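Structure first, then comments.
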Amino acid sequence: MRFSRLHAVALMLIALITGSAWGATPGQNNAITDVPGISVGHFTGADTGTTVVLAASPTGAGVAGGVTQRGGSPVTRETDLMRPDNMVETMNAIVLSGGSAYGLAAASGVMQCLESRGVGFPVGGGNVVPIVPAAVSFDRASCGRPATSRPDFTAGLQACVAASSGAVEQGNVGAGTGAVSGGVKGGIGSASVVLPNGIIVGAIVSVNSEGAAYDDDGDLRAASLGLGHEFRALTRAGGQRHRVPQSLPGGPLRSGTNAVVATNVTLTKSQATKIAEMADDGVARAISPAHTPGDGDTLFVLGTARLAMASLGDEHAVVTQIGSAAANAVSRAIVHALLAAKSTACQPSYCDTFRSACRNRH
C-alpha cells in the first residue's frame with residue numbers, strides 16, 4: 001500500500017514537472033490568443049510583413065516578460081530592457097517582423113498605436129512610453145531579388161490596429177510572409193495548451209530558418225509532439241530522400257526563427273527569462289540545425305497575470321512546468337507554420353514538396 005501511494009505521488013510530480021499531465025489539451029483557438037490578455041495582429045505586404053503580439057494584465061497595464069537569444073545574427077530592439085537587472089518590469093507588446101534591420105521601424109508604429117490608447121509606462125504629466133521589444137529576420141522568399149518593400153512605421157500601426165484575441169491567421173502572413181524554412185516556404189504558426197491545473201501556455205513563431213523542420217526522409221521533426229489528433233492530417237512522407245530540397249544558403253543576417261510565448265500565470269522577469277530559455281529548446285527540437293551563426297533566433301516570454309504563482313504550488317516546479325509546456329508549444333507551432341504555408345513563385349511549400357505527407361488534408 002505504501003509503495004502504491006508513493007508511486008502515485010511520483011507520477012503526479014512527474015506530470016507536474018514535465019508539463020505533460022494527463023488531460024492537457026489545446027485551447028479553443030490552438031493559438032497564443034488562448035492566453036487571456038493576448039491579442040495578435042498582422043500586416044501582410046507583397047513579400048514581407050509584420051506581426052504584433054499585444055499583452056495586457058487584468059488592469060490593462062503591461063506584463064512581465066523575459067527573452068533569450070541564441071542565434072548568431074540577432075536584429076532586436078529593447079531586449080536589454082527585459083533583463084532582470086534592469087528597472088522597467090512590464091512590456092506592452094512584442095513585434096516580430098521581416099525586413100531585416102529595416103523592419104525594426106514597425107515597432108515605432110506599434111508604439112504610436114498604443115500611446116493613442118494611453119497604454120505604456122507612465123513617465124509623468126499624463127505621458128506614457130509603450131514598451132515594445134522587437135525581433136526581425138530577413139525575407140528570403142523573394143526569388144533571390146531584393147524585397148519590393150520593407151515593414152515600416154505604417155506596417156506596425158496597421159498590425160496593431162488589426163490585433164484581436166480570436167483565431168490567428170497562419171502561414172504566409174505577417175512576419176512569415178517572406179519566410180523560408182530550409183528549402184521550403186516558412187511562415188507564421190501558433191499553438192496552445194491548457195493544463196489540468198488551469199495554466200494556459202501559447203506560442204506564436206515566425207519560422208524563417210536556415211535549418212530544416214523536416215528530416216532526411218521529409219518527415220516533420222516535431223509532428224510527434226501533437227496533442228491528441230492535432231496533426232491527424234499528416235502521414236509519413238514515405239522516405240522520399242530524393243525529394244528533399246536543398247536548403248537556401250545561410251550566412252550573417254540571413255535567417256531567424258523568432259517567437260513569442262505567453263502564459264496566464266503572474267511572472268517576474270527572472271521567471272520569464274528562465275521559461276524563455278526552456279521554451280527555446282522547442283526551436284532546436286523542431287529545426288535542425290538551429291541557432292546557427294546566420295540565424296537571429298530570439299524568443300520572448302510574457303505572463304499576463306491571471307493566475308497567481310503562489311496559488312499553484314512550489315514556484316520552481318511551476319516554472320519548470322510552464323517552460324516544458326512552452327517548449328512543446330513552440331515545436332507544435334513550427335509544425336503548424338509549415339503546414340499552413342503556401343507555395344510562392346520561387347519557394348514550394350512543405351505540402352507541395354512532400355505531397356504524400358499531406359495527402360489526408362483534402
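The values are calculated or read from the model by the stated rules, or taken from the named source; none is laboratory data. Everything numeric here is computed off the predicted structure, so don't read it as measured data. Positions of Cβ are generated from backbone atoms using ideal geometry, with glycine treated the same way; all protein chains shown enter the neighbour counts. To get the accessible areas, we keep the full protein, side chains included, count just its heavy atoms, and leave off ligands, DNA and RNA. Shrake-Rupley method; radii C 1.70, N 1.55, O 1.52, S 1.80 Å.
Restricting region 276-318 to residues that are free of Cβ contacts under 8 Å to residues at least 12 places away in the same chain and in a helix (DSSP H, G or I), which is farthest from THR33 (Cα to Cα)?
We begin by selecting, within region 276-318, every residue free of Cβ contacts under 8 Å to residues at least 12 places away in the same chain; these are 284, 310-311, 314, 316.
From the residues that got through so far, the ones that are in a helix (DSSP H, G or I) too are 284, 310-311, 316.
Numbers: ALA284: 24, ALA310: 24, SER311: 23, HIS316: 26 Å.
Only one residue fits best here, namely HIS316.
Scanning region 255-275 for residues that are part of a loop (DSSP other than H, G, I, E, B), hydroxyl-bearing (Ser, Thr, Tyr) and open to solvent by 10 Å² or more (accessible area, probe 1.4 Å) yields THR266, THR268.
Does VAL161 meet the test of being open to solvent by 10 Å² or more (accessible area, probe 1.4 Å) and under 22 Å from ALA286 (Cα atoms)?
Values: open to solvent by 10 Å² or more (accessible area, probe 1.4 Å): yes; under 22 Å from ALA286 (Cα atoms): no.
No: the conditions fail for VAL161.
Does region 301-313 include one or more residues that are in contact with a Lys or Arg (Cβ under 8 Å, 6 or more places away or on another chain) and open to solvent by less than 30 Å² (accessible area, probe 1.4 Å)? No, region 301-313 contains no residue that is in contact with a Lys or Arg (Cβ under 8 Å, 6 or more places away or on another chain) and open to solvent by less than 30 Å² (accessible area, probe 1.4 Å). Out of the residues in region 126-158 that are more than 18 Å from VAL207 (Cα to Cα) and of a type in the set (Ser, Thr, Tyr), which is least open to solvent (accessible area, probe 1.4 Å)? Going through the qualifying residues, I end up with SER149.
For every residue, the table says whether it meets (1) over 21 Å from the mean Cα position of the chain (by Cα); (2) surrounded by fewer than 24 Cβ atoms within 10 Å (Cβ to Cβ); (3) at negative phi; (4) touching a residue at least 12 places away in the same chain (Cβ under 8 Å).
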| residue | (1), (2), (3), (4) |
| --- | --- |
| VAL168 | no, no, yes, yes |
| ALA175 | no, no, yes, yes |
| GLY183 | no, yes, yes, yes |
| ILE204 | no, no, yes, yes |
| TYR214 | no, no, yes, yes |
| SER224 | no, yes, yes, no |
| LEU234 | yes, yes, yes, yes |
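Do we have any residue at all in region 45-65 that's open to solvent by 50 Å² or more (accessible area, probe 1.4 Å) and free of Cβ contacts under 8 Å to residues at least 24 places away in the same chain? For region 45-65, residues open to solvent by 50 Å² or more (accessible area, probe 1.4 Å) and free of Cβ contacts under 8 Å to residues at least 24 places away in the same chain: present.
Within region 236-249, restricting attention to residues that are part of a loop (DSSP other than H, G, I, E, B) and free of Cβ contacts under 8 Å to residues at least 24 places away in the same chain, the residue that is most open to solvent (accessible area, probe 1.4 Å) is PRO249. Checking each residue in region 84-111 for being farther than 28 Å from GLY189 by Cβ and either aromatic (Phe, Trp, Tyr) or open to solvent by 50 Å² or more (accessible area, probe 1.4 Å) (or both) picks out PRO84, ASP85, ASN86, MET87, GLU89. Of the residues GLY189, GLY178, the single one that is in a loop (DSSP other than H, G, I, E, B) and either of a type in the set (Gly, Ala, Ser) or at pLDDT 95 or above (or both) is GLY178. In the condition set (1) surrounded by fewer than 19 Cβ atoms within 10 Å (Cβ to Cβ); (2) without any contact (Cβ under 8 Å) to a residue 60 or more places away in the chain, PRO252 is compliant with all but (2).
Within the option set SER20, SER39, being of a type in the set (S, T, N, Q), surrounded by fewer than 18 Cβ atoms within 10 Å (Cβ to Cβ) and either at pLDDT below 95 or touching a Ser or Thr at 6+ places or on another chain (Cβ under 8 Å) (or both) holds for one residue only, SER20.
Can you pull out every residue in region 335-362 that is in a helix (DSSP H, G or I) and either open to solvent by 50 Å² or more (accessible area, probe 1.4 Å) or farther than 13 Å from VAL184 by Cα (or both)? Steps first, answer last, please.
Going through region 335-362, the residues in a helix (DSSP H, G or I) turn out to be 335-340, 350-353, 359-361.
Those that are in a helix (DSSP H, G or I) and either open to solvent by 50 Å² or more (accessible area, probe 1.4 Å) or farther than 13 Å from VAL184 by Cα (or both): HIS336, ASP352, ARG359, ASN360, ARG361.
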